[in-house]
Amino acid sequence: MNRRCPFLLATLLLVLTGASGPAAAQAWPTRPVTMVVPFPPGGGTDVLGRIVGRRLSEILGQQIIIENVGGAGGMIGSNRVARAAPDGYEFVLGSRADAINQTLYKHPLYNLKEDLAPVILVAEQPMAMIARHDLPVDGLQNFIAYVRKNQATMRTGSAGIGSTGYVDCALFNQAIGVKVQDIPYRGGGPALQDLYAGQFDYFMTLSPTAVPPIQSGQVKGIAVFSRTRLPSLPSLPTAPEQGMDFEASTWFAFFFPKGTPEAIIKKLHDATVAAMDTPALQEQLVTTGTFVVPPEHRSTAYLQSIIGPEIEKNGAPLKAAGMSIE
């Protein structure tokens with residue numbers, strides 16, 4: 001046998017192996033793709049993921065499987081994706097909670113700036129304050145007065161320690177000068193069920209979690225923490241309208257594991273833009289209290305540019321309030 005044959009064969013295999021990476025990226029996706037939603041079903045993050053996921057499935061020609069991986073204010077699900085193979089078949093619907101966790105936890109499970117590859121900013125959801133339906137209050141100022149008077153016996157609920165609602169409610173309570181015990185749940189959906197049953201008194205939550213039960217009369221709407229009212233709840237006044245300069249909202253974005261090929265990142269980015277430009281999808285999101293981000297904020301570079309500032313911006317009030325978790 002020619003002595004050069006093994007060398008030539010090995011060289012050929014290296015060439016073919018090297019070529020398979022880009023080729024696989026160009027062909028992506030060739031099988032179903034998992035979107036990790038780092039909160040349980042029924043909350044605002046889950047609602048957004050399922051609406052966008054359905055349209056992405058149509059555009060990409062492969063099923064987007066929604067997998068809810070809750071815990072630690074979204075940190076468990078995001079960490080799973082951060083540790084996943086960077087082959088494009090698992091991505092996370094990350095959010096402002098990821099930026100919060102970088103400061104709130106003394107030892108976060110992942111580094112948002114280093115362990116996840118940004119794809120695209122997707123949407124924003126204002127926070128809303130809702131209360132059990134029989135709480136004897138009407139309007140934000142009346143609510144604040146009631147909480148101040150009864151804080152020793154009242155309780156709040158949250159989508160979990162580290163969730164945006166947990167942090168924003170703690171900051172709200174601090175702003176009005178009260179201390180109220182919080183009951184952390186594993187997501188907005190489970191918390192909402194116990195609010196129906198009167199297990200706690202009030203709940204700062206994402207607008208998609210708040211809209212349906214306010215519309216059905218199962219809870220009492222107190223305020224939406226944005227400058228403009230929700231189109232789906234035009235009768236619910238904003239906090240500024242009711243005399244309180246307090247705003248709170250949560251952004252959402254897609255992230256792959258670090259090291260995912262650029263071609264795959266671009267494909268998911270472009271497919272998401274196409275989904276966001278679908279009128280029917282936009283209408284669906286508006287009815288839930290969700291706002292699609294404007295075109296100038298949709299580039300991967302833009303998302304990359306805001307990660308550091310978002311960590312700093314969300315970390316500042318946490319440090320000032322002395323909020324920290326081991």
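Tabulated data
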{"read-out": "Principal-axis tilt of helix 164-176 within the chain, Cα atoms, nearest 10 degrees", "value": "30 degrees"}
{"read-out": "The chain: Cα Rg divided by the 2.2 N^0.38 Å rule of thumb", "value": "1.12"}
{"read-out": "Nearest-ten-degree value, helix 44-60 long axis tilted from longest Cα axis of the chain", "value": "30 degrees"}
{"read-out": "Potential lengthening between R31 and Q193 on full extension [0.36 nm per residue; Cα-Cα distance subtracted]", "value": "54.7 nm"}
{"read-out": "Which listed pairs, of K113/K319; K106/K149; K113/K220; K106/K267; K179/K313, have C-alpha distances above 31 Å, in listed order", "value": "K106/K149; K113/K220; K106/K267"}
{"read-out": "Helix axis angle, 262-276 relative to the chain longest principal axis, alpha carbon, degrees", "value": "40 degrees"}
{"read-out": "Gain on full stretching of the segment that runs from Q62 to N150 - 0.36 nm per residue minus C-alpha separation", "value": "26.4 nm"}
{"read-out": "Share antiparallel - DSSP beta bridges, the chain, percent rounded to 5", "value": "60 percent"}
{"read-out": "Surface/4 estimate of mean projected area, convex hull on alpha-carbon atoms of segment 126-242, nm²", "value": "6.2 nm²"}
{"read-out": "Quarter of Cα convex hull surface for segment 175-326, i.e. mean projection, nm²", "value": "11.8 nm²"}
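Laboratory data are not the source of any read-out in this text; all were calculated from the coordinates shown. Since we're looking at a predicted model, the values are computed, not measured.
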